[in-house]
Every structure is written in structure tokens, then in C-alpha cells.
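Down below is the structure, laid out as C-alpha cells.
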Amino acid sequence: MAEELDPFKIAQEQLDEAAGIMKLDKQAHAILREPKRVLVMSIPVRMSNGRTQVFTGFRVRYNDARGPAKGGIRFHPEESLSTVKALSAWMTWKCSLADIPFGGGKGGVICDTKKMNEKDIEALSRAYVRALGTDIGPEVDIPAPDVYTNPQIMAWMLDEYINIVRKSQFGVITGKPVEVWGSAGRMDSTARGGMYVMREAAKLLRLNPKKATIAIQGFGNAGRFAYTLSKEVMGAKVVAISDSEGAVYDQAGLDMAKLDEAKKKTGSVGGYKSKSARSITNDELLELKVDILIPAAIENQVRADNADKVNCKMLLELANGPVTPEATKILFEKKILDLPDFLVNSGGVIGSHLEWVQNITGDYWDTDVFYAKLDKKITKSFNDTVATQKEFAARGEKINPRMAAYIIAVDRVAKAMKARGWY
Ligand code: NAD
């Protein structure tokens, strides 16, 4: 039978597995299997060519038992309701594992920003917020950037929201530019959090990060900063990197200036030139013999059909959903330390929470304060996950890191729902 690749079915499958292991109350399980609220919006936008184009937009509030929904907005030509629902579920577990006072949400619009000019992207961003109105808000649902959205788009959305509510509620959206009270440190917080997890996991594997080789899939916000921080914070050597158009491998280590040059000249990091570099495919990148593999692009990259060929010691899931449930099992059997997305990339939402706290209080911090708070939170999540794995192992039950993280996260949300009288 072909492996299930529908993102929301995968999210439900993961929850079901965790619910079974932790013997979750059946009523809590039933609530947590479905989103609380789903919005599908038809959004007409007057484009710069004078014609009106109709876009489909989504916003899903998965669970808000522990606080306002929190989650990014994607602009993607293949965006689907299933993906948004899955991502909103994963946001619920992410915020809970990080122990921040948010629930889970997510949004998206089916569009191809590569084929749109800046004016049209701005018009769409504003129209999306008008369609949502007060369905978002600092105490309701708080968006942020995700794939193919960025701080500038967040600034337009913020402005539109302020025009609607006529209140300077900067905490409605995070990942903003610092000029409109985005937070110093937020920009690279997803990758930086991933680096702190890598540092802790390296201790567990007795791996010296300074001698480690790394391959990264993706060269966007998550992947690009993972590249710089792997070198700057960890002192590791990045030997391979990719984007949607191609990939490059250089055992001598890659150089950022040359990567940017390749991207500018050829449109892809695959056009990278050096004596020892060779261009490879995205599939080959995932199978390279490296110490650490970092998928930082899209879902379902390591699956039942290629997991066996993955050849790293640690797989750091910086993207959301890059490893399927079947592949998770294969990697666990192969003794590859596969660290789950909603732990590894939680630096983004921890950073968003720090931005929101600063917006609400009006007290703004330097990056060193921000980084220290981020480090403390994500390191605790990592340690909690390892401790839960050990607890189960002591009872003779071997569970993988994803299930350990799920158990912590689901338990907290279930307890909040119970306290609020939802079941
Ligand atoms: P982005 O749009 O900035 O970059 C995406 C990158 O992936 C681009 O380099 C693109 O070329 C590449 N890509 C797309 N399809 C690909 C393919 N088939 N093969 C290889 N590369 C491909 O997006 P981002 O913000 O960096 O997000 C990447 C992942 O990280 C997503 O799963 C996202 O949900 C997750 N994430 C991001 C953040 C954040 O703060 N940016 C936070 C948490 C999780």
C-alpha cells in the first residue's frame, strides 16, 4: 500500500500514535483530532493591471485552550486546506512543548508570488487581512511569516489590521520589521533555536560540532540562517545546500559569497562554482554521508521510499513535516537521531512570543537578552523530550523523540481543556 502523504492525515496519525502510548482520554483525543475552526475565504483583489483576480485563502484555528492561536501565513501555489490544518495542529504541539501561552493556528493563500509584482503582493496581503477582520488579534489569533511571506508582508498586514480596529495593536502579528516593533533577534530565531538543539543533541551523540559536516535542504529564511549559524555559532562545516531549483556539494565546505553569487547569476545555489564543488540533485543531498542533515524546505522529503538511504547521525527537522511517519520508524530502527520539527524549529515561535511580550509591555530588549531567553526555553524543551524518552525506556517502552515530544505537548493541552471544562 502506498504511504499516506496527505499532511493532515499524517498529523492525525501522529496524534493517534501518541494518544495510544500515553493512554489519552478518548474525549480529549476526539477534540484534538480536528481543528476548532476552519475559514476558507474567496478574496477578490484588484491587480495592478486593472483586472480583479480571485484568490483562495485559509485560516485555521486548531486549538486555543492554552491561549490565542499562533501560526504563520504561507503564500504558495500549491497551498491546500490539508496543509494548513496539519500545520495548525503542529503549531498547537509546538507552542505547548515550548510552554508558551499560545494555541495553534495557521493560514495560507493559493498564489504564486514569483509571478506577482510588489504592488500586487501588497494588495493581496491587505485583502487577506480585510477578509479576516477581527478573526485575528493579539488576544485572538496571531499570524507570522512562513514560506514565501516575509517581514515586509507582515508590516502591510499590521497596517491593514490597525486601519480596521483603529488601535495601535502591534502584537497582532509577529516577525515584523524592527521599525514597527518587530524584535531584535526574531529574524534568525528559527535557525538559532535549531542550533541550540543541535548543540544539546551533539552532546548526547558525543559529536564535536566543530568537526561535524552538515547538509541543508532549502536556502530560505530557515535554511540560509541555518547555514550561517552552523558555521558561526557551531563552527561546523556545511558541505551541501539546495533550493527548489538545484543543489551543490563541496566537501571542502561552502562559501556564502559564492552561494549568493550563484543565486544571483543562475537563480539557484545549484549554479555554485569552485574547484571541488559539484552540482547534485535534491534527492542526492538527502542521501549524503554527513554528520547532520537539516531539511529546511517543505514537507514529505524523507519518506518510506528513501529513508533507508539517509546516511547521517542526526537529522534536524528545521522544516515542518519533512519526515513521514513511516520514515520516522525507519530512522529510529537505523539509530539515526531524528529530532522532530515542532521541537527543532520552535525557536521561531519562541521568538514570536518574545516579540509579542515586548509589544504588549512596551519594554524592548537587546539581542543578547532575546537569545538567552530563547536558549533557555528551547534547551528545556529538548531536555524534557529526552527525559520523557528515558522515563518510557525505564518502563521497557522504547519511544522515538517525536512521540516523546508529542506526549509532553498533548498532555499539557489536554490538561488545559480539562481545567476549562471542555470534557
Ligand atoms: P522560505 O520561503 O524562506 O524558503 C523556502 C526554501 O525552500 C527556498 O530556498 C526554496 O527554494 C526551498 N524549496 C522549496 N521547495 C523545495 C524543494 N522541493 N526542494 C528543495 N528546496 C525547496 O521558507 P522558510 O521560512 O525558510 O521555511 C522553510 C521551512 O521551515 C518550512 O517548512 C516552514 O514551515 C519552516 N519554518 C519556518 C519558520 C520561519 O521562521 N521562517 C519557522 C518555523 C518553521
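Extending each Cα 7 Å along its Cβ direction at residue 419 and residue 329, get the distance between those two points in nm, one decimal.
Here the modelled spin labels are 3.6 nm apart.
Over the stretch 190-257, what is the percentage of antiparallel beta bridges among all DSSP beta bridges, to the nearest 5?
Details: 4 of 9 bridges.
So the antiparallel bridges in the stretch 190-257 amount to around 45 percent.
Any idea how far apart residue 386 and residue 34 come out in nm if each label point goes 7 Å out from Cα toward Cβ?
Calculated label separation equals 4.1 nm.
Note the full-extension length gain between residue 82 and residue 289 as 0.36 nm times their separation in residues minus their Cα-Cα distance, in nm to one decimal.
Working: separation 207, 0.36 × 207 = 74.52 nm, distance 3.33 nm.
Full-extension gain reported as 71.2 nm.
Using packing as a proxy for protection, rank 417-423, 129-135 so that the peptide with the highest average count of other Cβ atoms within 10 Å comes first. All intermediate terms of the calculation are to be shown ahead of the outcome.
Details: 417-423: 12.0, 129-135: 17.0.
Top of the packing list down: 129-135, 417-423.
Let me have the 222 nm mean residue ellipticity of the chain computed from DSSP H runs of 4+ only, each contributing -39500 (n - 2.57), with the sum over all residues rounded to the nearest 500. The partial results should precede the final answer.
Values: 14 runs with 190 residues, N = 423.
Helix contribution divided over all residues of the chain: -14500 deg cm²/dmol.
Defining a contact as two alpha carbons under 8 Å apart and six or more residues distant in sequence, what relative contact order in percent does the chain show? Mind dumping the intermediate values first?
Numbers: 862 pairs, mean separation 65.3, N = 423.
Result for the chain is 15 percent.
Just to be sure I understand: if I project the alpha-carbon convex hull of the stretch 36-180 onto a plane and average over all orientations, what area do I get in nm²?
On the way: hull surface 32.6 nm².
Value for the stretch 36-180: 8.1 nm².
Could you pull out which residues in the stretch 107-143 have an amide N less than 16 Å from a spot 7 Å beyond the Cα of residue 168, following the Cα-Cβ vector?
Correct set: none at all.
Give, rounded to the nearest 20 debye, the magnitude of the charge dipole that the stretch 175-237 has about its Cα centre when Lys and Arg contribute +1 at Cβ and Asp and Glu contribute -1 at Cβ.
Numbers: 11 positive and 4 negative charges, 65 e Å.
For the stretch 175-237, the charge dipole is close to 320 debye.
Once label points are set 7 Å from the Cα along Cα→Cβ at both residue 54 and residue 306, what is their separation, rounded to one decimal in nm?
3.7 nm
Relative contact order for the stretch 13-66 using alpha-carbon pairs under 8 Å, separation at least 6, rounded to a whole percent?
About 32 percent, as a whole number.
Rounded if a/c is under 1.5, else prolate if a/b is larger than b/c, else oblate: which is the stretch 169-300, with a ≥ b ≥ c the root eigenvalues of its Cα gyration tensor? Intermediate values should be presented prior to the final figure.
Values: a/c = 2.01, a/b = 1.29, b/c = 1.55.
Verdict is oblate for the stretch 169-300.
Between residue 255 and residue 369, what length in nm is gained on full extension when 0.36 nm per residue of separation is reduced by their alpha carbon distance?
Working: separation 114, 0.36 × 114 = 41.04 nm, distance 2.99 nm.
Extending this stretch completely gives an extra 38.1 nm.
Only bridges with both residues in the chain count here: give the DSSP antiparallel percent, nearest 5. Walk me through the intermediate numbers first.
On the way: 24 of 47 bridges.
Taking every DSSP beta bridge with both residues in the chain, the antiparallel ones total about 50 percent.
Sort largest first and round to whole Å: the equivalent ellipsoid semi-axes of the chain, each the square root of five times a Cα gyration tensor eigenvalue.
So the equivalent ellipsoid measures 31, 28, 21 Å along its semi-axes.
Please give the net charge around residue 34, taking every other residue with its beta carbon less than 15 angstrom from that of residue 34, where Lys and Arg add +1 and Asp and Glu add -1.
Values: positive: 9, 26, 33, 36, 37, 61, 85, 106; negative: 6, 13, 16, 64.
Summing Lys and Arg as +1 and Asp and Glu as -1 gives +4.
Can you tell me which of 39-47, 369-377 comes out highest on packing, and rank the rest after it, using the mean Cβ neighbours within 10 Å?
Numbers: 39-47: 14.1, 369-377: 18.0.
So the peptides 39-47, 369-377, ranked by packing, come out 369-377, 39-47.
List nothing, just return the count: lysine pairs in the stretch 136-274, 8 or more apart or interchain, with Cα separation under 14 Å.
9
Restricting to the stretch 189-341, compute how many DSSP beta bridges are antiparallel as a %, nearest 5.
30 percent
Just add up the charged neighbours of residue 46: K/R +1, D/E -1, any other residue whose Cβ is under 13 Å from the Cβ of residue 46.
Details: positive: 51, 119, 126, 130; negative: 120, 122.
Around residue 46, the charge tally is +2.
Provide the net charge surrounding residue 377, with neighbours chosen by a C-beta distance below 13 Å and charges set as Lys +1, Arg +1, Asp -1, Glu -1. Mind dumping the intermediate values first?
Working: positive: 94, 192, 373, 376, 380; negative: 99, 200, 375, 384.
For residues surrounding residue 377, the net value is +1.
What's the ranking of 313-324, 398-409 by average number of surrounding C-beta atoms within 10 Å, highest first? Can you show the working numbers first?
Details: 313-324: 25.3, 398-409: 22.4.
With the highest mean Cβ count within 10 Å placed first, the list reads 313-324, 398-409.
Read-outs: derived from the displayed coordinates by stated rules, not from any lab. Not measured: the values here are computed from a predicted model. Quick reminder, even Gly has a Cβ in these numbers, built from the backbone with ideal geometry, and neighbours come from all protein chains shown.
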